[in-house]
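Working notes, structure below.
The values are calculated or read from the model by the stated rules, or taken from the named source; none is laboratory data. Bear in mind the structure is a predicted one, so any value in this text is a computation, not a measurement. In this analysis, Cβ positions are derived from the backbone assuming ideal geometry, glycine residues included, and neighbour counts consider all displayed protein chains. The protein model used for the area step is the full one, side chains on, heavy atoms only, and it has no ligands, DNA or RNA in it. Shrake-Rupley method; radii C 1.70, N 1.55, O 1.52, S 1.80 Å.
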Amino acid sequence: DHVDVATTLMNIANVLQAQGKFAEALAKHQESLEIKLKALGHDHVDVAKTYNNMGNVLQKQGDYKKALEYYNMALKIRVDKLGHDHVDVANTQYNMAGVHREMGKMEEARLQFLRCAEIYAAVYGPQHSETLDAQEQAARCSN
């Protein structure tokens with residue numbers, strides 16, 4: 001069980017997700033996660049990436065509570081390892097904001113989208129497409 005195998009499994013999972021094969025994608029992510037946990041430990045950023053990807057699949061399946069659990073695990077690792085103002089932190093928060101919006105928690109979603117916009121603006125600039133998109137998503141939560 002090598003980390004390269006875990007990466008390949010993750011890539012397969014991403015393809016399966018794109019094909020709408022969510023259960024199969026989740027199973028491949030789980031295999032990838034198990035290898036990464038053994039090889040890298042519980043607090044590695046590659047583990048966080050897998051948690052985030054699993055959250056994406058669960059969100060697509062409509063399992064919002066479980067998606068948020070995985071996003072929170074990813075977020076904790078990313079904040080601990082990368083800091084609060086890293087793009088990967090913003091990306092996970094963006095995903096979480098989308099779940100909150102889908103759950104009807106509009107104010108929570110709006111605040112998370114705005115936080116993403118702040119990080120994106122600091123990293124990419126105020127006119128970058130990521131910044132503008134996060135701002136637009138926040139505005140949509142206000143209406």
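General observations
- Positive-end residue, the chain charge dipole about Cα centroid, Cβ charges, pick of Leu26, His84, Val47: Leu26
- Computed FRET value (nearest 0.05) for Asp85 with Lys21, which takes r as the C-beta separation and R₀ as 41 Å: 0.70
- Tyr124 paired with Ile12, simple spin-label distance in nm, labels 7 Å along Cα-to-beta-carbon: 3.2
- Over the chain, accessible surface divided per residue gives 52 Å², non-protein components excluded, 1.4 Å probe.
- Derived scalar couplings between HN and Hα for region 107-121 equal 5, 4, 4, 4, 5, 5, 4, 5, 4, 4, 4, 4, 5, 4, 4 Hz in order, rounded to whole Hz, by the Karplus curve 6.51 cos²θ - 1.76 cosθ + 1.60 (θ = phi - 60°), x for Gly and Pro.
- Between Glu69 and Asp4, the FRET efficiency estimated from the beta carbon spacing at R0 = 25 angstrom works out to 0.35.
- In a reduced charge model with +1 at each Lys and Arg Cβ and -1 at each Asp and Glu Cβ, region 1-125 shows a dipole moment near 260 debye about its Cα centre.
- When you restrict to C-alpha pairs under 8 Å that are six or more residues apart and normalise by the size of the chain, the relative contact order lands at 15 percent.
- As a fraction of the 1.4 Å probe accessible area of region 27-123, surface on carbon and sulfur atoms comes out at 49 percent.
- Summarising the amide proton neighbourhood of His44: residues at separation of 5 or more, or on other chains, whose placed amide H is nearer than 5 Å comprise an empty set.
- Per-residue ³J(HN,Hα) for region 77-82, Karplus 6.51 cos²θ - 1.76 cosθ + 1.60, θ = phi - 60°, Hz, x for Gly and Pro: 5, 4, 5, 4, 8, 10
- Each residue of region 25-39 was assigned a 3J(HN,Hα) from its phi angle through the Karplus expression (A = 6.51, B = -1.76, C = 1.60, θ = phi - 60°), giving 4, 4, 5, 5, 4, 4, 4, 4, 4, 4, 5, 5, 4, 5, 7 Hz with x at Gly and Pro.
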